[in-house]
Amino acid sequence: MNGKVIAILETRAGAHLAELIERRGWVVMLAPALEEVPDVDPQQIAALLSTWRTDPFKVAIFQTGVGTRALFQATDGLGRSGELLELLAASTVVVRGPKPVGELNARGVAIAYRASSPFTTATVLEALAQVPLAGARVLVQRYGAANRELREGLQSRGARTEEIATYRWAIPRNVQPLRDFLDALDQRRVDAVVFTSAVQVRNLQAVALQMSKADRLADLLNRCVIASIGPVCSRALAEFGIVPTFEASPPKLGPLVAGLDAALQSSRTIGKRPPTSA
């Protein structure tokens, strides 16, 4: 198993994931496929707080830790975090996954509902199944891109939704590592590729298009073991004809690496099987 080349497209947790992989004797190829760009408009945050009092949000949904932290940093800068905490105390607070929980706990915010694993839009909507939403105003902390599925799911129940952006996802300013990865993929020098978000898939496709490799990208990837962090990521892969070898369950780094270990030891996994739980 030593010497296997594993490409990682993760950015924020890339170093930690690389460490987990290197412990198994594999060679890591880091090729970050997205960049988190701050997208906080203090004036928008101030206006949000002002209208919150006159037209209260019944529900506030926090989807990511980094976005939750950025929102509080913005209100800290405005000197209005106390006001935000007061408003949240009168709202039903919902979290998508464990990361916003830590940020909210640090601020003393009471959490009413938590989405269950694998922390998808569907499980957020399930967590709110018993909450009356007809006519209710719902705040959604955006997680890098607009979540149309969540918005439409809430609006179908009569909610009035408003998204607040705190950061956005972009293609990295330095795309050379991605270019090097695509060249290595073309030269059959990559044994496995680890995808930890749907955006990585789309950004990789965009860079492949720039390099005139987009029409062959699915074929190149399907020769490798393809590790998917969860169902949202797997759906994005499928959109481009990429077959996940397995899907981590639960969607965490430990099961992801364990599934990768099992997949690399199996001669039947190279781009041949539909997703299975690790």
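Here Thr75 does not qualify as in a helix (DSSP H, G or I), free of Cβ contacts under 8 Å to residues at least 12 places away in the same chain and in the same structural domain as Ala115 (by TED's automatic domain parsing).
Of all the residues in the range 158-169, those that are at pLDDT 95 or above and either exposed (fewer than 14 other Cβ atoms within 10 Å of the Cβ) or farther than 19 Å from Trp52 by Cβ (or both) number 1.
Kindly evaluate Ala146 against the criterion of being among the hydrophobic types (A, V, I, L, M, F, W, C) and either assigned to a helix (DSSP H, G or I) or surrounded by 19 or more Cβ atoms within 10 Å (Cβ to Cβ) (or both).
Numbers: among the hydrophobic types (A, V, I, L, M, F, W, C): yes; either assigned to a helix (DSSP H, G or I) or surrounded by 19 or more Cβ atoms within 10 Å (Cβ to Cβ) (or both): no.
Here the answer is no, as Ala146 does not meet what is asked.
For first residues located in the range 163-183 and more than 23 Å from Gln73 (Cβ to Cβ), partners that are buried (at least 16 other Cβ atoms within 10 Å of the Cβ) and among the β-branched types (Val, Ile, Thr) and lie 6+ apart or on another chain with Cβ distances below 6 Å form the pairs Val175/Val207; Leu178/Val207.
Contact map, the range 89-117: residues that are in contact (Cβ under 8 Å) with a residue 60 or more places away in the chain and surrounded by fewer than 20 Cβ atoms within 10 Å (Cβ to Cβ) paired with residues that are in a helix (DSSP H, G or I) and among the hydroxyl-bearing types (Ser, Thr, Tyr), Cβ distance under 8 Å, separation 6+ or inter-chain. Pairs shown: Ser117/Thr123. Within the option set Leu178, Leu139, being aliphatic (A, V, I, L, M) and either surrounded by fewer than 18 Cβ atoms within 10 Å (Cβ to Cβ) or in the same structural domain as Ala90 (by TED's automatic domain parsing) (or both) holds for one residue only, Leu139. What is the number of the single condition among (1) closer than 30 Å to Ile45 by Cα; (2) over 19 Å from the mean Cα position of the chain (by Cα); (3) buried (at least 23 other Cβ atoms within 10 Å of the Cβ); (4) β-branched (Val, Ile, Thr) that Val124 does not meet? (2) is the only condition that Val124 fails.
Specify the residue that is farthest from the chain's Cα centre (by Cα); the eligible residues are those in the range 144-160 that are in contact (Cβ under 8 Å) with a residue 60 or more places away in the chain and under 25 Å from Glu36 (Cβ atoms).
Quick first cut of the range 144-160, residues in contact (Cβ under 8 Å) with a residue 60 or more places away in the chain only: 144, 147, 150, 159.
If we keep only those that are under 25 Å from Glu36 (Cβ atoms) as well, we get 144, 147, 150.
Values: Gly144: 8, Asn147: 11, Leu150: 14 Å.
Result: Leu150.
Count of the range 183-208 residues, restricted to those that are part of a helix (DSSP H, G or I), of a type outside the set (Val, Ile, Thr) and either under 21 Å from the mean Cα position of the chain (by Cα) or over 20 Å from Ile21 (Cβ atoms) (or both), is 10. Scanning the range 53-70 for residues being without any contact (Cβ under 8 Å) to a residue 40 or more places away in the chain and within 15 Å of Glu162 (Cβ to Cβ) gives a total of 2. Name the single residue, out of those in the range 73-100 being out of contact with any helix residue (DSSP H, G or I) (no Cβ under 8 Å at 6 or more places or on another chain) and among the hydrophobic types (A, V, I, L, M, F, W, C), that is farthest from Thr196 (Cα to Cα). Residue satisfying both the conditions and the ranking: Ala90. Among the conditions (1) assigned by TED's automatic domain parsing to the domain that holds Phe246; (2) in contact with a Pro (Cβ under 6 Å, 6 or more places away or on another chain), the only one that Pro118 does not satisfy is (1). For the structure I just gave you, tell me whether Ile61 is within 17 Å of the chain's Cα centre (by Cα) and of a type in the set (A, V, I, L, M, F, W, C). The answer is yes for Ile61. Would you call Asp191 farther than 17 Å from Gly14 by Cβ and surrounded by fewer than 16 Cβ atoms within 10 Å (Cβ to Cβ)? No; evaluated as a whole, the condition is false for this residue.
The values are calculated or read from the model by the stated rules, or taken from the named source; none is laboratory data. In this text the structure is predicted, and so the values were computed from the model without any measurement. As a convention, Cβ positions derive from the backbone with ideal geometry for all residues, glycine included, and neighbour counts pool all protein chains shown.
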